[in-house]
Amino acid sequence: MSIKTAVVWLSIGGLVAMAGCAGRQSASTPHGEQVKQPVLGAAEQHHSLGIEYLSNDSLNAAEAEFRQATELDPTLAKAYKGLGLIYLREGKFDQAIDEYSRACGLSPSDASAHSGLAEAYMGAGRLTNATSEYRVAVQLEPANPANFIDLGAAFNKQGLLPEAIEAYRRAVEISPDNVTVVLTLGNILYENKMFADAITVYLHAAELNPGDLEVAKTLGSLYLQTENYERAAESYERAAVMQPTDPRIRYWLATAYDHLGLQEKAVMNMEKSLELNPGNVDLYWLLGDMYNKAGRYDDAIAVVQKELAVRPSSASAYFVWGRALEMKGALEDARAKYEKAASFNDPSWSPSASVALKELEAKLGAGKP
């Protein structure tokens with residue numbers, strides 16, 4: 001449900017709540033006093049019933065009441081909006097376009113009628129028409145951030161990225177404390193690899209809601225993308241406190257520490273990631289590689305042997321094993337492991353294994369008399 005539709009439903013709920021309040025007021029009136037209730041015209045009565053049915057998701061009954069209202073008063077614009085909303089919910093976009101168009105013709109200054117028509121055009125794939133109607137809604141209600149968000153979405157669907165970003169920025173300017181609005185801008189910046197700008201927006205979101213796990217994780221990812229590994233580690237540390245059993249957070253935290261050269265912290269978090277997700281076989285050789293960097297060669301060999309027990313054709317495991325043996329000085333044994341890694345013709349590892357073999361042969365040759 002879009003923000004616009006949610007606002008419509010909020011209005012519906014308000015009307016129903018007002019009806020309930022009126023009933024309670026009548027019941028609480030002192031005996032002998034009478035409160036005059038407004039008398040609605042027949043068309044208005046049917047419209048009110050339609051609103052009530054809508055609030056209970058009784059779409060067929062609501063449609064009948066709205067239709068009756070328009071027959072009794074063909075100028076009742078809000079009844080056509082009610083019909084348009086029903087057809088939107090049912091995915092009948094052409095019918096929604098017809099009803100919202102009537103509402104706009106009768107009430108051209110009604111921003112919600114134009115935004116409803118725009119949403120119907122969006123559903124029908126008529127993006128240019130949708131953009132035009134959203135522009136009208138923005139002009140009529142320039143202080144409503146939902147109109148700018150919808151306009152941005154229409155631009156984005158047409159591949160008009162600068163225009164979409166500008167519309168989302170306007171929404172944030174109007175409602176800077178609304179996390180949902182802020183993240184709408186942050187997401188489009190992230191998706192389009194505008195990482196520096198996205199970081200600024202996500203930092204704003206983090207200030208608004210410091211306990212948001214997804215914001216903390218996204219900031220960690222953004223800092224990794226921009227190679228700011230210290231800030232990446234800080235963000236993932238916050239995320240790990242919020243969700244200590246997520247193996248992916250531990251993996252990326254290990255990656256950040258690995259880039260910082262803090263190998264023991266990298267190992268600790270990769271061990272935790274493997275503990276939380278032992279079915280992810282790749283984590284074995286990744287941990288083995290970090291053990292090698294930490295100088296823990298026997299641990300590296302032990303962990304890749306566990307991997308090979310379940311994935312015997314793992315070129316990565318043999319490569320890590322070979323590297324551990326080479327660092328221990330067991331060069332002949334290391335050569336055998338590198339040759340095994342190369343034998344699988346794994347495009348991700350065969351070239352590395354071939355390079356390692358050449359370097360190893362040079363070492364072996366240098367040691368010969």
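FYI, it's all coordinate maths here, none of it is from the lab. Note that the coordinates shown come from a computational prediction; the quantities given were computed from them, not determined experimentally. Because the Cβ atoms are built from the backbone with ideal geometry, glycine has one as well, and the counts that use them run over all protein chains shown.
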On a full-extension model of 0.36 nm per residue, what is the gain between Glu264 and Val310, subtracting their alpha-carbon distance, rounded to one decimal in nm?
13.9 nm
Spin-label pair Ala362/Ala124, simplified geometry with 7 Å Cα→Cβ offset, distance in nm
7.0 nm
Counting alpha carbon pairs within less than 8 Å and at least 6 residues apart, what relative contact order, in whole percent, applies to region 82-174?
19 percent
Are any of the pairs Lys81/Lys193; Lys272/Lys340; Lys193/Lys358; Lys193/Lys272; Lys265/Lys337 more than 32 Å apart by Cα-Cα distance, and if so, which?
Lys81/Lys193; Lys193/Lys358
Quantify how much of the Cα-Cα distance distribution of region 45-141 extends past 19 Å, in percent.
37 percent
Taking the Cα-to-Cβ direction at Ala196 and at Gln243 and moving 7 Å from each Cα, how far apart do the two end points lie in nm?
3.0 nm
Order these by the 10 Å Cβ neighbour count, fewest first: Asp258, Asp299.
Asp299, Asp258
Applying 1/(1 + (r/R0)^6) with R0 = 35 Å to the Cβ-Cβ distance of Leu213 and Asp177, what FRET efficiency is obtained, to the nearest 0.05?
0.95
Tilt of helix 127-140 relative to the longest C-alpha principal axis of the chain, in degrees (0 to 90, nearest 10)?
60 degrees
Of Phe93, Ser48, Phe66, which is farthest on the positive side of the dipole of region 45-141, counting Cα position, with +1 on Lys and Arg Cβ, -1 on Asp and Glu Cβ, and the Cα centre as origin?
Phe93
Net charge near Val136, counting Lys/Arg +1 and Asp/Glu -1 over other residues with Cβ under 12 Å of its Cβ?
-3
Helix 195-208 sits off the longest principal axis of the Cα atoms of the chain, rounded to the nearest 10 on a 0 to 90 degree scale, by 60 degrees
Leu161 versus Ala64, label points 7 Å from Cα toward the beta carbon: distance in nm?
5.2 nm
